[in-house]
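Below is one structure, written out as structure tokens, with a few remarks after it.
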Amino acid sequence: MDNRLFRDAMGKFATGITIVTTEYNGEIMGMTVNAFMSVSLDPKLIAISIDEKARMYDKLQVTKKFGLSILAEDQKDLSMIFAKQINNDREIAYLRQDNVPVLDASIATLSCHVKETANAGDHMIFIAEVTDVKMNGGDPILFYGGQYHTLD
């Protein structure tokens, strides 16, 4: 099967959108990630999948910690900025949560410490323990069929 057919099929699975952030050598960096899932309740583990070509691929293996911000329906622009789909023309508001940067006004934020990694084709799966969670309420922005959607 070709890559386009596979991507189109995977696009039939609706996901929320998250921004993964870390700080490396004093610089806060982030990327849009929709390959995110809850793994375990005890201990509290989540997993994210990062492409080997992503700027954060090597950085997360060094920092071993990151913030994960679940985007609200009015944060489409942040998803597009961190996905490099549009230029960042404004100041990004970060908060510190368990000493990692997270995005202000997201519907939920998680502070995570990497426990394990697994090579998976052209991606690395980062399994991380959640060390802190904050919730702000609101509805999520969704991604389906290559388009942004809301619950309405």
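Tabulated results
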item	result
Failed condition for D89, given (1) of a type outside the set (K, R); (2) more than 21 Å from G16 (Cβ to Cβ); (3) over 14 Å from the mean Cα position of the chain (by Cα); (4) outside any loop (DSSP other than H, G, I, E, B)	(4)
Search result, residues across the stretch 93-135 that are closer than 22 Å to K76 by Cα, in contact (Cβ under 8 Å) with a residue 60 or more places away in the chain and outside any strand (DSSP E or B)	S106
Residue, modelled with the highest pLDDT, within the stretch 1-34, restricted to residues that are outside any strand (DSSP E or B) and buried (at least 16 other Cβ atoms within 10 Å of the Cβ)	I17
Residue among L71, L95, L78 that is farther than 21 Å from L151 by Cα and of a type in the set (A, V, I, L, M, F, W, C)	L95
Residue match in the stretch 68-82 (condition: among the hydroxyl-bearing types (S, T, Y), assigned to a strand (DSSP E or B), out of contact with any His (no Cβ under 8 Å at 6 or more places or on another chain) and closer than 28 Å to D139 by Cβ)	yes
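The values are calculated or read from the model by the stated rules, or taken from the named source; none is laboratory data. Because the structure is a prediction, the values reported are computed rather than measured. Neighbour counts are summed over all protein chains in view; Cβ atoms, including those assigned to glycine, are modelled from backbone coordinates with ideal geometry.
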